[in-house]
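Notes follow once the structure below has been shown.
Nothing in this text is a laboratory measurement; each read-out follows from the coordinates by a stated rule. Worth saying up front: this structure is predicted, and the values here are computed from it rather than measured. Here Cβ is always computed from backbone atoms with ideal geometry, including for glycine, and neighbour counts include all displayed protein chains.
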There are 4 protein chains.
Amino acid sequence: MKAEERQEVLTRLLKIEGQIKGIARMVEEERYCIDILHQIVAVQGALDRVARRTMRQHLETCVAEAFQSKAQQQRSQKVDELMEMFSRFGK
Amino acid sequence: MKAEERQEVLTRLLKIEGQIKGIARMVEEERYCIDILHQIVAVQGALDRVARRTMRQHLETCVAEAFQSKAQQQRSQKVDELMEMFSRFGK
Amino acid sequence: MKAEERQEVLTRLLKIEGQIKGIARMVEEERYCIDILHQIVAVQGALDRVARRTMRQHLETCVAEAFQSKAQQQRSQKVDELMEMFSRFGK
Amino acid sequence: MKAEERQEVLTRLLKIEGQIKGIARMVEEERYCIDILHQIVAVQGALDRVARRTMRQHLETCVAEAFQSKAQQQRSQKVDELMEMFSRFGK
């Protein structure tokens, strides 16, 4: 990851940490369940965006390099990793 | 939420907060993207489990009460809220 | 389900069937993978919408009735079914 | 897609078409909503598996080739397409 991108991701993670603390506070204050669920959905969305940035970096660097190499085994490994991620995020 | 259930949810949220800190550390240490993505998937799963516990409480208390009331409007509101949650979580 | 709603759902399912046939044709014609994936995403969206309509009907009728009954066991069963659906659709 | 893989995907799509017909029959027969939803979840799973096979083929052929080319623009396009798919499948 480039330094700039890394900083952006760290800022987002810090914000997510704050959101988790906020959800805990809502639970303590016995707030309405649906409001708590809305906040959980918001955090899931924020995490998805971090995951997507990380995935894009991964494709542009590690995967691009592996696919340029002649080693068939290295390429298969990248495809397997991508497929696993695709399966976990998708669905 | 019952006190016991609330405590369980708070414990889980505290653990999730720690996991987010762990992901930030991995980003700082420039760890392999796929390892970072695995951790994000783990947090998403942990948040899903908190959401499900909250939803179950909601169904067993607020929704059950609203549906037992004679007020049609109150029931429609609960159905709308559930459908919105169903749409957001479900893909 | 009311007759009108049932007809709407049947019309949508017929359209989805046509979309599946269209995807098979694209595969036979060796079309670009990403175009095929776009069509699969479109069908997933159409199925989600049918699922949501069905779920709404379910909440407004079966669940509402069960929650109005005095039988605790009947209510728990509905909550369990909803939670299972919530877990399957949501991730 | 290799001929063998194409045949496998076509067989699966034909089976999915049959499942959609089965769901329409359940709706006509006014079957229990939750049973209908179970069948929709089954079809979503089957479609996910077809999508994953298609994505794997795509990675192993088109993406691998694009990444081996010197053309930066061609590589960026593949990354953009993958990211779009990643976002759509993964919520």
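Could we say that A:Glu8 is within 14 Å of the chain's Cα centre (by Cα) and part of a helix (DSSP H, G or I) here? Spelling it out, A:Glu8 is indeed within 14 Å of the chain's Cα centre (by Cα) and part of a helix (DSSP H, G or I).
Is at least one residue of the range A:37-57 surrounded by fewer than 21 Cβ atoms within 10 Å (Cβ to Cβ), in a helix (DSSP H, G or I), of a type outside the set (A, V, I, L, M, F, W, C) and away from chain D (no Cβ under 12 Å)? For the range A:37-57, residues surrounded by fewer than 21 Cβ atoms within 10 Å (Cβ to Cβ), in a helix (DSSP H, G or I), of a type outside the set (A, V, I, L, M, F, W, C) and away from chain D (no Cβ under 12 Å): present.
Is one or more of the residues making up the range A:76-90 of a type outside the set (Val, Ile, Thr) and more than 17 Å from D:Met83 (Cα to Cα)? Yes, there is a match, as at least one residue in the range A:76-90 is of a type outside the set (Val, Ile, Thr) and more than 17 Å from D:Met83 (Cα to Cα). If the condition is being among the charged types (D, E, K, R) and more than 8 Å from chain A (Cβ to nearest Cβ), then the range B:8-36 contributes B:Glu8, B:Arg12, B:Lys15, B:Arg25, B:Glu29, B:Arg31, B:Asp35. Say whether the condition of being surrounded by 15 or more Cβ atoms within 10 Å (Cβ to Cβ), of a type in the set (Gly, Ala, Ser) and in contact with a strand residue (DSSP E or B) (Cβ under 7 Å, 6 or more places away or on another chain) is met by at least one residue in the range C:69-90. Yes: the range C:69-90 contains one or more residues that are surrounded by 15 or more Cβ atoms within 10 Å (Cβ to Cβ), of a type in the set (Gly, Ala, Ser) and in contact with a strand residue (DSSP E or B) (Cβ under 7 Å, 6 or more places away or on another chain).
Could you check the range C:15-32 and list, in sequence order, the residues that are assigned to a helix (DSSP H, G or I) and among the charged types (D, E, K, R)? Across the range C:15-32, the qualifying residues are C:Lys15, C:Glu17, C:Lys21, C:Arg25, C:Glu28.
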